[in-house]
1. Given (1) free of Cβ contacts under 8 Å to residues at least 24 places away in the same chain; (2) at the interface with another protein chain (Cβ under 7 Å from one of its Cβ atoms); (3) not in a helix (DSSP H, G or I), where does residue A:503 come up short, assuming only one miss?
2. Within the stretch A:425-457, work out how many residues are at positive phi and either more than 14 Å from chain B (Cβ to nearest Cβ) or under 21 Å from the mean Cα position of the chain (by Cα) (or both).
3. For the stretch A:114-133, name all the residues that are without any contact (Cβ under 8 Å) to a residue 60 or more places away in the chain and either touching a strand residue (DSSP E or B) at 6+ places or on another chain (Cβ under 9 Å) or closer than 17 Å to residue A:165 by Cα (or both).
4. For the stretch A:211-224, does any single residue satisfy the condition of being at pLDDT below 90 and assigned to a loop (DSSP other than H, G, I, E, B)?
5. Kindly evaluate residue A:318 against the criterion of being within 14 Å of another protein chain (Cβ to nearest Cβ), at pLDDT 80 or above and within 29 Å of the chain's Cα centre (by Cα).
6. On the given criteria, is residue A:615 within 30 Å of residue A:258 (Cα to Cα), buried (at least 18 other Cβ atoms within 10 Å of the Cβ) and either without any contact (Cβ under 8 Å) to a residue 24 or more places away in the chain or not assigned by TED's automatic domain parsing to the domain that holds residue A:405 (or both)?
7. Would you tally the residues in the stretch A:475-497 being surrounded by fewer than 24 Cβ atoms within 10 Å (Cβ to Cβ), more than 7 Å from chain B (Cβ to nearest Cβ) and within 25 Å of residue B:40 (Cβ to Cβ)?
8. Would you mention how many residues in the stretch A:512-533 are without any contact (Cβ under 8 Å) to a residue 12 or more places away in the chain and facing another protein chain (nearest Cβ under 9 Å)?
């Protein structure tokens, strides 16, 4: 211990005056293991990287790849049971082995961290200003007084783009929205002008539009402080737009490193290739084959020798199992591009690149368009019709006599229809009312206003028996497959449940369950397992099998892939595509991820604050979005291609979703609208006074005849104009 | 870019977009494709648990012996042997005799039978009331919840001991079944409150919502989803209630309710014998030992049942360490 102390004294403030070429952070052979019931879990197995000042290093990997653990090790925040080996040097100073007190001096002042969940990163009982001031006071020394800290807190909040910072500094965390909280956390992180900021999934919990804002703030923060940033994320799109260099992690090890362009353009490790191929891209759409990576990451308890990715790798050969491949410079690539694969040479020699190579390698195909498309849309049966649906939740106040003081207008006049054999994507930020809409549909209860029509029957005036009959044709798959499967029921009972409720006989059920399992790609010998023994992707397959048990005509999918890792997500999306083609299902697909919607949907409806602002065919809406909100949403989605990302112009929405209890007058989007700001005063007045009706959109071609309208593309904006953003 | 028919491409009928389904391991346990229901599966997992089976056998044996003992024991529990007072175990008195010449073996057997019945019955009554009240209050909410919780609160604030004392003159002389009912009636409230809380959180879980969207009636949802997910707590509660009721009964007997002489229970035996535990240990040891054994057996059964119901428990799974399903990943 004394040795470390001596060293740290000598290097009390190293770096700043030292040689400039020295890396800011140098991690070498980092090993982290945790005890568990089955033996030690080797979460990180020999990770080495360096970060230079001002550089953004992206660490990508699926859940359980050790990316967060390695960064917690840098912060010294691992639990005492963790065993850490190797070396972590910050400007030459060894951090491993320092006591907690010594680390506390470094944490917050020289290394700062931004966590994933901004709500739990802030203490609920102190104001945001106090918490930022605390960070300043703890590390500021004697010169910092409470009042200077407070003034600085206001400056910092202003810097991260919180409007009216002088007022908001007195607010409590719960009064902030998710995006604002994350900004406040970033403000705290940069308060002491740190050398290094570690951002652990900083935008995962946020909506896309807010994610774009927060990433922008992070960039600003980096420019202001000149710090190096370690950005940990599972989203390759985020990395493509932000990072300079990338590390891809798998099973506790770096499997590929290089500059962001190199990694995205010429990946040399099959895993990276698979990851890149598994993401549905906003700029490609339907024609893109999605690459599912089979299997799941290995357990880190007793790793067999050989390449840990071997069992899931399409290029696997016996030599792969001999020894774990080293991270070596990839042949035919830039010198700092390294990959851990013995067959990188063959990948380099292949004539295809990127997504195409991935599709070829993993044998992924585009699902053939189904014959049902041949009939025109108007001729097909409406399987689900929603007409001016209204759902208001009363807001009550007072003690004994709880009178109603207002209403949360969760859904306020939503109209759409889903016809046989088609997929309607319903998209929007959280809080826009998309979940309420599907819960209203699934509830089959008369709504507050408007009407719901399922397979030709109106929901009002349904008898109990009618409702039960309709439920056979209307099924739902929930977002989180863990939560929507009773952990205490075996797979057989789970899949049989809807049939039992509908009163099918036992013989039928016994015959049908294995059939269904086969249909969704589960092996029938897994029939007596419990959901806890399956991976996320398989659990979602169980949910789908269960939803299909009664041969429904409409399937409501509530964000079915957002809880899954990208490589697994691809498999589920392919399955859904398949089933739709084979069984002629109609989907109502609710999602916040527009790239997923682009991949799977035929039509898309964009919701904002309880209203549909634009609806139409996926190709038209994505290619030529007319509503400013659609444009903003589309531009906020990162594309996993650094070149495209750099070229794209981003529309940044200001602020957050207004409260649905008190929506703005006229056009609900006007408070955040980028178009609104450019309008003249009289035009703006119209937005404020008149709610824009949903009308057929004007055609994209400038030479189209006057008065021509697109048949199936509605938009609700007074000043709708096309702006290409993808 | 290749665009081929998916099923054609892989030559399999499994529709997974070119990829084979599997995300996990074949660990060939229960390689049957005929699904069985939860009941069968739970039973199978329970029977695999040796400790729980032992508990069950021990409990059954204790019951059987205590019930049949009058057939083979030389003395009855209310007989007096005026020739031997306070004698240690011998050939004619297997567990020795008391100060007034009662046969300790006959008494212990009689007491065991009484105590086990009282303990198990009370626990069963209390858990049934608690789960029905707790689950209904939590699941239905509203007036049902308020009404039931009002009753629970009422029973909680009323001192149960006082109530039993007040009504006991009316019950004097009537059967001990009534006494068991009374005990059960005052043992369920706290459990019901806990179960109601758990139901409140379970009700909001998606799998309950999913069942509701399937059109499953409330009763079925409670039986199928709510109660099994609270089973761990219910089982622990039952095992504790069995032990504590046997002891509580002693306290009540002391005040003249419950099992009255000449009838005996393990509790009364332990109470009477414990004062002389060091000088004449046979009065206390056999009754005490059997109490410990029977409570232990109940605990083992409870543990086994809990593991059998809980899919995450390792014991029920029959997986050897070296072939843990997570370790092996199937080759593609």
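1. Of the numbered conditions (1) free of Cβ contacts under 8 Å to residues at least 24 places away in the same chain; (2) at the interface with another protein chain (Cβ under 7 Å from one of its Cβ atoms); (3) not in a helix (DSSP H, G or I), the odd one out for residue A:503 is (2).
2. Of the stretch A:425-457, the ones at positive phi are A:428, A:431, A:433, A:444, A:450, A:455-456.
Adding the requirement that they be either more than 14 Å from chain B (Cβ to nearest Cβ) or under 21 Å from the mean Cα position of the chain (by Cα) (or both) leaves A:428, A:431, A:433, A:450, A:455-456.
The total comes to 6.
3. If we filter the stretch A:114-133 for residues that are without any contact (Cβ under 8 Å) to a residue 60 or more places away in the chain, which is where we start, we get A:120, A:123-133.
Answer for the stretch A:114-133, where residues must be without any contact (Cβ under 8 Å) to a residue 60 or more places away in the chain and either touching a strand residue (DSSP E or B) at 6+ places or on another chain (Cβ under 9 Å) or closer than 17 Å to residue A:165 by Cα (or both): A:126, A:127, A:128, A:129, A:130, A:131, A:132, A:133.
4. Within the stretch A:211-224, the subset at pLDDT below 90 is A:211-224.
From the residues that got through so far, the ones that are assigned to a loop (DSSP other than H, G, I, E, B) too are none.
Checking the stretch A:211-224: not a single residue is at pLDDT below 90 and assigned to a loop (DSSP other than H, G, I, E, B).
5. On the way: within 14 Å of another protein chain (Cβ to nearest Cβ): yes; at pLDDT 80 or above: yes; within 29 Å of the chain's Cα centre (by Cα): no.
It is false that residue A:318 is within 14 Å of another protein chain (Cβ to nearest Cβ), at pLDDT 80 or above and within 29 Å of the chain's Cα centre (by Cα).
6. Details: within 30 Å of residue A:258 (Cα to Cα): no; buried (at least 18 other Cβ atoms within 10 Å of the Cβ): yes; either without any contact (Cβ under 8 Å) to a residue 24 or more places away in the chain or not assigned by TED's automatic domain parsing to the domain that holds residue A:405 (or both): yes.
So residue A:615 fails the test.
7. Qualifying residue count, the stretch A:475-497: 1.
8. Of the stretch A:512-533, the ones without any contact (Cβ under 8 Å) to a residue 12 or more places away in the chain are A:515, A:518, A:523-525, A:533.
Add one more test, that the residue is facing another protein chain (nearest Cβ under 9 Å), and what stays is A:518, A:523-525, A:533.
Going through the stretch A:512-533 one residue at a time, the tally reaches 5.
The values are calculated or read from the model by the stated rules, or taken from the named source; none is laboratory data. Here the structure is a predicted model, which is why all the values come from computation and not from measurement. Here the Cβ is made from the backbone with ideal geometry for all residues, glycine too, and neighbour counts use every protein chain on show.
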